[in-house]
There are 2 protein chains.
Amino acid sequence: MARSYRDITDAELAVMQVLWDRGEASIRQICDVLYPNGGPSHYATVQKLLERLEAKGFVHRDRSLQVHLFRATIGRDDLIGLRLRSLAEQLCGGSLTPLLTHLVKTKALSPQERAELRALIEQSEDAPRRRGSRKQT
Amino acid sequence: MARSYRDITDAELAVMQVLWDRGEASIRQICDVLYPNGGPSHYATVQKLLERLEAKGFVHRDRSLQVHLFRATIGRDDLIGLRLRSLAEQLCGGSLTPLLTHLVKTKALSPQERAELRALIEQSEDAPRRRGSRKQT
DNA sequence: CTGCCTCCAGACAACTTGTCTTAGAGCAAC
DNA sequence: GTTGCTCTAAGACAAGTTGTCTGGAGGCAG
């Protein structure tokens, strides 16, 4: 009954953040970022986290070099989407609309944010059949 | 390092859903909804889930009757808010804005939804300080 | 009294999560 | 070639979570 898409853990997320920053990195590089002057055990920890991320499909491992290189197969924004969808699944019967209205109602919008939002809405109005790239609910 | 607000589990969520539906319920009533013709072990399961929900503060237990009555201390919408905030914390540096724009960009809005959204934005424009209950980022 | 229903306390296995240990391979410099 | 470094690989480990279940004690109705 675990969440269907095998979620990313906190420690794993830290690794993902590095990958999102650098685009591609070796274990050593990630380790240096996450645990400056960390010992070999930290190295192994990062290694395990990457192994699990690869198993979950969130990371691609390039084995062509001696030193494997890792790359995120999912963007931060994609992960946000997954989480939002999973949240909607659990609490809103799958519909994203309640999340949207909740945010607009709860969050105090700055004038700039209001303007941006309006622009986005206009945009989706102009091209209502444009949504080929992403699924919608 | 567990999520700060002690999240609600899947099985616990099922119990919450019943409470949100009925407003107030005994273990037996919840049990009948969740496990029709379930045995005494299911009863104990629900009991334990309620105990944990009470410990986490999501449920109030009225002990004044012989048969305790349970009531959710948090609405579905509040939980949505908590989850959204936690999501923003993890992936957006605490800002809810990326979630908002993600939703507007991703989700294909029906004309009606667009109208509602616009109305909500107008509203927040009229009363920018009306939402004082929670901090916003 | 008997039976039924409730509450309470805690056991339990399965799984997750973050960390760490150990072993072995490949390569570079001495 | 041997030494030493870095890398991969495999898995052990404790702690915590989660969902389920067992057993006992008390109260009340028939």
The range B:11-57: GluC sites (Glu not before Pro) falling in loop per DSSP and having at most 16 other Cβ within 10 Å: B:E24
A:Y35 paired with A:T73, simple spin-label distance in nm, labels 7 Å along Cα-to-beta-carbon: 2.6
Relative contact order (%) - criterion: Cα under 8 Å, at least six apart; region: the range B:1-94: 28
Nonlocal Lys pairs with alpha-carbon distance under 28 Å, the protein assembly as shown (8 or more apart, or different chains): 20
Nearest 10 degrees, 0 to 90: helix B:76-91 Cα axis against chain B principal axis: 60
For A:E51, inter-copy label distances in nm, listed shortest first [label point 7 Å out on the Cα-Cβ vector]: 3.7
Between 0 and 90°, nearest 10: helix B:40-56 axis offset from chain B longest Cα axis: 50
Rounded, prolate or oblate (a/c below 1.5 giving rounded, otherwise prolate when a/b exceeds b/c) for the protein assembly as shown by Cα gyration tensor: oblate
Estimated [θ] at 222 nm from DSSP helical runs (n ≥ 4, -39500 (n - 2.57)) normalised by residues in chain B, nearest 500: -18500 deg cm²/dmol
Sulfur and carbon atoms: percent of accessible area, chain A [1.4 Å]: 49
Separation of alpha-carbon centers, the range A:35-86 and the range B:37-78, rounded to whole Å: 39
Other copies of B:G94: label-to-label distances in nm, shortest first, labels 7 Å along the beta-carbon direction: 3.7
Label 7 Å beyond Cα on the Cβ vector: A:K105 copy-to-copy distances, nm: 2.6
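The values are calculated or read from the model by the stated rules, or taken from the named source; none is laboratory data. Every value quoted in this text rests on a predicted model; they were computed, and no experiment measured them. Reconstructed Cβ throughout: ideal geometry from the backbone, glycine too, with neighbour counts over all protein chains shown. Protein only, heavy atoms only, side chains kept; ligands, DNA and RNA dropped before computing areas. Shrake-Rupley method; radii C 1.70, N 1.55, O 1.52, S 1.80 Å.
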